[in-house]
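Peer 1: What follows is a single structure, and I will ask about it in a moment.
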Amino acid sequence: MTLLVKSVVVAISMYVFLKIFFLYQKLPESLLQTPNKLRLIITGFIANIADTLGLGNFAVVVAFNKNWKLIDDKKLPGTLNGHSILPAMVQSLLFLKFVDLDILTLIVLVLGACVGSLYSSHLVVRLNKQTIRLAMSLGFFSIGLLIFANQMGFLPLAGKEIALGADKLSIGFFAMIFAGMVPSIGVGIYAPIQVILFFLGLSPLVAFPIMTTAGAIVQSMTALTFTTNNEIELKETLLLTFSGIIGVAVAVPFITYVNLYFLRWGLFSVVIYNAATIWHTYHKEKTSTTNP
């Protein structure tokens, strides 16, 4: 059954990535002609080191983007999801190989996230730039609250379970629907999934394959919707992807040596910074529109 899950992850991820790659090939410019290509490579590399350690990459990319102006805000959610496809796929395959978990628990929780993705991605592509900024700011602020609550011990610090019974699995399915919605607004899925799984009493080790598998499939499905609606930066997506895969390869050997407690405080700082700067941009444009 694990082999089937791996096959589904690879099939969905590669289908969407190849669609993005073939669309890129129709562009008149090559990757080498992409503005800020070196900055994009650095961003993808660092962001996906953080991603492999369970911190997510969306917040890191958004933080770099606010300073370096790499991606237009309207196409930022699509690009974030598109660039995450292959790095998340690699992470999912690695964790599914090395971590034993209950397959039924994995499948039900991932399906819940997929349901949320199907609904929200089709909604977000219809939103204007200002609405996306507002949604991203509120989303990052909410994620910041979750991280802060977890760090302060207000939330469960996870349990020891490797499988869920019927009652908890039902709760988990519906909770994962909400988690599956957040990538479409450009907010990472890892933090909300970790909180959900910890509330349900699952082991932190088991959380990683569930988190990365859900991320790989949900981000692929979300990216497909944005790609179909031309709401994605193709060259930027590919540069972030290729450097991101290298970031994953670099980070994997160090997973067991990293102090996640201090890393999460770093992520909290980045998330709150993103919420504040995106809100500032939203408020500034709203004010200039109201008072020309």
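Bear in mind these aren't lab numbers, they're just calculated from the coordinates by the rules spelled out. Source: prediction; values computed, not measured. No Cβ is skipped: glycine too gets one built from the backbone with ideal geometry, and neighbour counts run over all protein chains shown.
Peer 1: Within the stretch 196-254, track down each residue that is part of a helix (DSSP H, G or I), among the charged types (D, E, K, R) and crowded, with 21+ Cβ neighbours inside 10 Å.
Peer 2: 236
Peer 1: Kindly indicate which of 147, 132 is closer than 15 Å to residue 179 by Cα and in a helix (DSSP H, G or I). Steps first, answer last, please.
Peer 2: Values: 132 fails: closer than 15 Å to residue 179 by Cα.
Just a single option satisfies the conditions, and that option is 147.
Peer 1: Among the numbered conditions (1) more than 28 Å from residue 73 (Cα to Cα); (2) crowded, with 16+ Cβ neighbours inside 10 Å, tell me where residue 103 comes up short.
Peer 2: With (1) more than 28 Å from residue 73 (Cα to Cα); (2) crowded, with 16+ Cβ neighbours inside 10 Å applied to residue 103, the lone miss is (2).
Peer 1: So which residues in the stretch 36-78 are closer than 15 Å to residue 133 by Cβ and of a type outside the set (A, V, I, L, M)?
Peer 2: 58, 65, 66, 69, 72, 73, 74, 75, 77, 78 - these are the residues of the stretch 36-78 that are closer than 15 Å to residue 133 by Cβ and of a type outside the set (A, V, I, L, M).
Peer 1: Would you please name the residue that is surrounded by the most Cβ atoms within 10 Å (Cβ to Cβ), looking only at residues in the stretch 25-84 that are within 17 Å of the chain's Cα centre (by Cα) and on the phi > 0 side of the Ramachandran plot?
Peer 2: 56
Peer 1: Mind checking whether some residue in the stretch 149-157 is more than 23 Å from residue 274 (Cα to Cα), free of Cβ contacts under 8 Å to residues at least 40 places away in the same chain and small (Gly, Ala, Ser)?
Peer 2: yes
Peer 1: Only one of these is within 30 Å of residue 249 (Cα to Cα) and polar (S, T, N, Q): 137, 121, 170. Name it. Spell out the reasoning first.
Peer 2: Numbers: 137 fails: within 30 Å of residue 249 (Cα to Cα); 170 fails: within 30 Å of residue 249 (Cα to Cα).
Only one candidate passes the filter, namely 121.
Peer 1: Among the residues of the stretch 254-289, what is the count of those that are of a type in the set (Lys, Arg) and farther than 22 Å from residue 146 by Cβ? Can you show your working first?
Peer 2: Just the residues of the stretch 254-289 that are of a type in the set (Lys, Arg), to begin with: 264, 284, 286.
Now narrow it down to the ones that are farther than 22 Å from residue 146 by Cβ: 284, 286.
Summing the residues that are of a type in the set (Lys, Arg) and farther than 22 Å from residue 146 by Cβ in the stretch 254-289 gives 2.
Peer 1: A follow-up question, please. Which of the residues spanning the stretch 259-292 are surrounded by 15 or more Cβ atoms within 10 Å (Cβ to Cβ), farther than 14 Å from residue 133 by Cβ and of a type in the set (A, V, I, L, M)?
Peer 2: Scanning the stretch 259-292 gives 267, 270, 271, 272.
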